[in-house]
1. At 222 nm, what helix-only mean residue ellipticity would the chain give, in deg cm²/dmol to the nearest 500, using -39500 (n - 2.57) for each DSSP H run of four or more?
2. So if I place +1 on the C-beta of Lys and Arg and -1 on the C-beta of Asp and Glu, and nothing else carries charge, what would the dipole magnitude of the range 139-218 be about its Cα centre? I want it in debye, nearest 20.
3. Which value, in debye to the nearest 20, gives the size of the charge dipole of the chain about its Cα centre, when Lys and Arg are +1 and Asp and Glu are -1 at the Cβ?
4. Once you have the Cα-Cα distance between Asp390 and Asp349, take 0.36 nm times their residue separation minus that, and quote the gain in nm to one decimal.
5. Round to the nearest 10 and report in Å² the accessible area of Trp137, as given by a 1.4 Å probe over the protein chains' heavy atoms.
6. Leaving ligands, DNA and RNA out of it, report the carbon-plus-sulfur percent of the accessible area of the chain at a 1.4 Å probe.
7. Using the Cα centre as the reference, give the magnitude of the dipole from point charges on the C-beta atoms of the range 81-159 (Lys, Arg: +1; Asp, Glu: -1; all else neutral), rounded to the nearest 20 debye.
8. Under 22 Å between C-alpha atoms is the cut-off here; go through the chain and count lysine pairs that meet it, provided they're at least eight residues apart or on different chains.
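The values are calculated or read from the model by the stated rules, or taken from the named source; none is laboratory data. Everything quoted here is computed from the prediction, not taken from an experiment. Positions of Cβ are backbone-derived with ideal geometry, glycine not excepted, and every protein chain shown enters the neighbour counts. Accessible surface is based on the protein model in full, side chains and every heavy atom, while ligands, DNA and RNA are left aside. Shrake-Rupley method; radii C 1.70, N 1.55, O 1.52, S 1.80 Å.
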Amino acid sequence: MTLSVLSVASEAVPFIKTGGLADVVGALPAAVAAHGARMTTLLPGYPAVLARLAAQYPAAPPPANKPKARGKAKIAADAPAGPPPIHHWASLLGVPARLLAGTLDGTPDGPPLLVLDCPALFVRDGGPYGDAAGCDWADNARRFAAFARAAADIAGGAVAGLTFDLVHAHDWQAGLVPAYLRFAPYQGRHVPSIMTIHNMAFQGHYGADIFPALGLPLDAWSMHGVEYHGGVGFLKAGMEAASAITTVSPTYAAEIRTPHYGMGLEGLIVSRGHRVRGIVNGIDTTEWNPEDDSAIAAHYTWRTLPKRAANKRAIETEFGLDSDDGPLFIVVSRLTWQKGLDVLCECIDHLVGIGARLAVLGTGDAALVAELGAGAARHPGRVAIRIGYDEALAHRMQAGGDAILIPSRFEPCGLTQLYGLAYGCVPVVARTGGLADTVIDANIAAIGLGAATGVQFSGVTYAGLSQAISRTVDLYHRPDTWRAMQKSGMKSDFSWSQSGATYASLYNELITETL
Ligand code: ADP
């Protein structure tokens, strides 16, 4: 039997991406399809999403009874027609909205996509969560409550021809979906749900004053409902109401049972312990494969590693770095406290002092941008930084860097270390969350067994990270060992096959329970 699953998320590649969530949501449909689950993805209709969806529809033909228009009028006639709506809400928590349909990959048989077209909430200049200056939209609670309400309606059967066995909600933006399904289901139809936590640091916590606008009954206002410390907790609500909770690595699933990582929600995680699982993310090997990656200069496999050198030279040139025999460290990251990059800034002089170079790509905190910039200014030719979001450059850096630095204070799963492993860019990681689960430290035993794939360190401090950098430089200067580490990483299986099977079996379990 094919299961029908509605995946609800605020971002998914290739439509809209600010971080790893988008990679995972974009890859899940294919991952679970192989195990009998047909997944439909629901996204908010941000301008980028609507534009990409419109492009899936053929240009509108000129009206049959009129001569073919020229100039401007011709462009308008040939512009994508956009999909016809498959559902309307006259009032979705107070605003009109429509539902559009397409596919995730743009092919007619690709994984189904639904887009909530609600211009009042989602069509605006800026990012999915905030304006161009990085300030959160003031009405985010209302935006994502309406999104969740729409998801619950769809899951409950509001749209003719669409039925779902289960809802998979991702992060706080979809946190109210399980709450609507439990406290205000569409026509009383019960649908089981999973709440996946991609990052406990983002919880969607708002004041109690928003509660009346959510359209939930009063019994949802309780510690077992949406109430959280006197306000409304979106992620908390989802964790409370979902049939099961997952997070994105086994180590993170254990860590969030403690106050340090649970960030206030550890009690809830512990109390729902038998319902919490850690399922490690995979990577989309059609997008991230050095053998045929269209973004990189020289293609290679673990068998043809020397070809990688051309990619390293290309990165050196692109970043204006010296070319020499020493290692080139890279960083591809959101520039935030979570990622430990303030500690990396403290280590820059040490890194350069032992003959290494550093290329950074990222966006984020102004203070970190300034500190990294100061490091680059102190060490021209040795340290360089690119501020911005550039997917193709991220690929080129993984293909050309020798080692990727990920000194995160916490990391639910992390994808950049997985891309590093797949590309022979050795990950140097803090021992936390998914980083601990996916990188095998180059200790003597692991090197002896040929199993080492990277460097792990404990303690995101100057001492911890600078020692890890030194250890990596030493390993780099032992070419046989280094090459063996690169090969072990590249040969590892980080595809979705195992995790796709695990999700599909969880869906089956929950659906069977509900029957
Ligand atoms: P998080 O989701 O916490 O940001 P992950 O490691 O799970 O961290 O995922 C980050 C994703 O975003 C990866 O696909 C990474 O390549 C990408 N990424 C982060 N910053 C940039 C950037 N400045 N330019 C391009 N890609 C980036």
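1. Helix contribution divided over all residues of the chain: -11000 deg cm²/dmol.
2. Value, rounded to 20: 100 debye.
3. Around 860 debye, computed over the chain.
4. Gain on extension, Asp390 to Asp349, equals 12.1 nm.
5. Solvent-accessible area, nearest 10 Å²: 40 Å².
6. Carbon and sulfur: 57 percent of the exposed surface of the chain.
7. With only Lys, Arg, Asp and Glu charged at Cβ, the dipole is about 240 debye.
8. 6
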